[in-house]
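What follows is a single structure, written as structure tokens, with notes after it.
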Amino acid sequence: MLNFSEVQRQLSQMVQEQAIRKPDFGQKVGIAVQEAKRWVAGYTHLADKIAGSKTSWLVAQFDEPPSQVSPLPQRPERFLVFASDGSQIFPDRHEAMLCYLINIGSVTLPYGVDTRPLLSNRPRLFYRESDLYQRWGGRRVLISEEIVSVKRHLMEVEEIVRLAKAWKSRPAIALLDGTLILWTLEGKPADFRTIMLRRFLKLLDILRDLKVPIAGYISAPGSTDVINALRVGLCGYQFANCDQCEWLKEGKHPPCSTIEGVADIHLFERLLKPGERSPVFWSSSQILAEYGEHKIGFFYLHAGLEIARIEVPKWVAENKDLLNLVHSVVYDQAQKGRGYPVALAEAHEQAVVRGSERELFYEMLEAALIRQGFKVSMTFKLMAKRTPAV
């Protein structure tokens with residue numbers, strides 16, 4: 001139970017501190033804009049410096065000046081938009097039976113095509129031993145929420161592939177909510193990482209062969225890959241080596257600190273107008289070394305009401321027609337959705353599992369167990385949650 005008077009006091013303090021820092025932050029963003037424009041002619045030198053530097057952050061790679069702007073291309077008249085999203089009920093050892101559910105929602109929106117919109121959701125229950133326990137790294141472990149989320153992500157892409165195969169005679173684009181970089185696999189046992197990544201890349205193979213570009217839409221991104229590239233450019237050494245930074249050793253602020261704390265979206269809010277996009281950048285996430293020709297690139301798009309990060313595989317980024325299709329359709333979808341792609345919004349509505357639905361799910365589970373003669377019990381912790389003492 002929240003003490004709202006205390007929360008209000010802390011909220012007021014937080015806002016006051018933000019107001020004090022606002023002028024300094026605006027100055028930092030201005031420096032970042034200047035740095036981005038400074039490298040228009042010498043961007044290859046910056047790329048070389050990044051390649052030879054050692055940093056503790058993800059640093060964007062690029063083949064064009066980082067401040068270059070691409071205008072909105074013409075949107076085709078006839079095309080389909082596929083979108084999928086997922087939600088889940090995680091396994092809960094306090095409930096009557098250990099299981100979990102993944103619900104995948106999807107939509108097919110036609111434009112200039114003689115067919116009706118299609119909406120669907122597909123719930124799937126996981127309860128078998130092989131679903132709940134995995135052997136990774138030689139150990140038998142109960143599936144975690146993180147692994148359930150990875151499985152859900154793969155099922156979202158599988159649904160996209162199902163739709164793409166069903167409509168393979170029509171020009172189309174596929175949208176997912178979130179990243180195409182399976183960074184959660186970094187640090188996982190090699191056998192599990194290999195299985196999950198192989199499944200994901202095979203799905204991308206199918207979309208590539210069908211010539212259906214897939215894009216991950218990230219709303220309100222907090223990433224700093226491009227800013228980090230500019231920070232390397234600010235370093236006074238020929239090549240940056242953050243672990244051996246002389247300024248930090250002497251207790252001084254290094255040159256790169258002048259734009260520290262700025263996110264990529266703050267930079268591109270200044271550089272882009274509605275409908276325009278940035279160049280394609282390449283992520284340096286370690287997992288992408290295993291993606292091969294599906295290596296993920298990204299660009300920033302002024303979607304009208306926000307700066308969004310759009311991720312695409314290499315075969316989309318390097319195909320001008322496919323890249324223009326993604327650019328034009330994603331912007332158009334954001335306009336139709338009043339700031340957020342309408343196809344993704346509809347897919348989310350199909351996929352979301354609300355709190356009341358989760359409670360009903362467990363009530364249905366208990367009823368099914370009782371009908372089969374099982375004795376239903378719950379942990380004392382769950383009983384306390386359901387029946388407060390006060």
Within region 110-211, GluC sites (Glu not before Pro) in DSSP loop having at most 14 other beta-carbon neighbours inside 10 Å: Glu186
Would you mind counting up the charge near Gln88? Only other residues with Cβ under 9 Å from its Cβ, with Lys and Arg at +1 and Asp and Glu at -1. +1
Full-stretch length increase - Ile31, Lys375 - with 0.36 nm per residue and alpha-carbon distance subtracted: 117.2 nm
Expressed as a whole number of Å, what is the distance separating the alpha-carbon centroids of region 157-217 and region 290-354? 14 Å
Assign unit charges at the C-beta atoms only (+1 for Lys and Arg, -1 for Asp and Glu), then state the dipole size of region 302-378 relative to its Cα centre in Debye, rounded to the nearest 20. 120 debye
Charges only on Cβ, +1 for Lys and Arg, -1 for Asp and Glu: so what's the dipole of the chain about the Cα centre, in debye to the nearest 20? 600 debye
Could you give the nm distance between label points at Tyr237 and Leu11, where each point is 7 Å from its Cα heading toward the beta carbon? 4.6 nm
Name the helices (complete DSSP H segments) of the chain with a Cα length along the long axis of 20 Å or more and a Kyte-Doolittle mean of at least -0.5, or state none. 145-166, 190-210, 320-336, 355-371
With DSSP loop assignment and no more than 15 other C-beta atoms within 10 Å, the chymotrypsin sites (Phe, Trp or Tyr not before Pro) in region 125-162 are Tyr127
Contour minus end-to-end for Met97 and Ser257, with contour as 0.36 nm per residue of separation and end-to-end as the Cα-Cα distance? 52.4 nm
Answer label for mean projected area of the Cα convex hull in nm² (calculated), chosen among (1) 21.2; (2) 25.0; (3) 17.4: (2)
In region 1-82, GluC sites (Glu not before Pro) in a DSSP loop with at most 12 other beta-carbon atoms within 10 Å: Glu77
DSSP loop trypsin sites (Lys or Arg not before Pro) with at most 13 other Cβ within 10 Å excluded, longest remaining stretch of the chain: 253-337
For region 13-67, give the magnitude of the charge dipole about the Cα centre (Cβ charges: +1 Lys/Arg, -1 Asp/Glu; no others), in debye to the nearest 20. 160 debye
Work out Dmax and Rg for region 35-130 from the C-alpha atoms and quote the Rg first, both in angstrom. 23.9, 65
So if R0 is 41 Å, what FRET efficiency would Asp209 and Leu2 give, r being the distance between their Cβ atoms, rounded to the nearest 0.05? 0.20
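A short reminder: the numbers here are calculations on the coordinates, not readings from a lab. Being a predicted model, the structure only gives us computed values, none of them experimental. Here the Cβ is made from the backbone with ideal geometry for all residues, glycine too, and neighbour counts use every protein chain on show.
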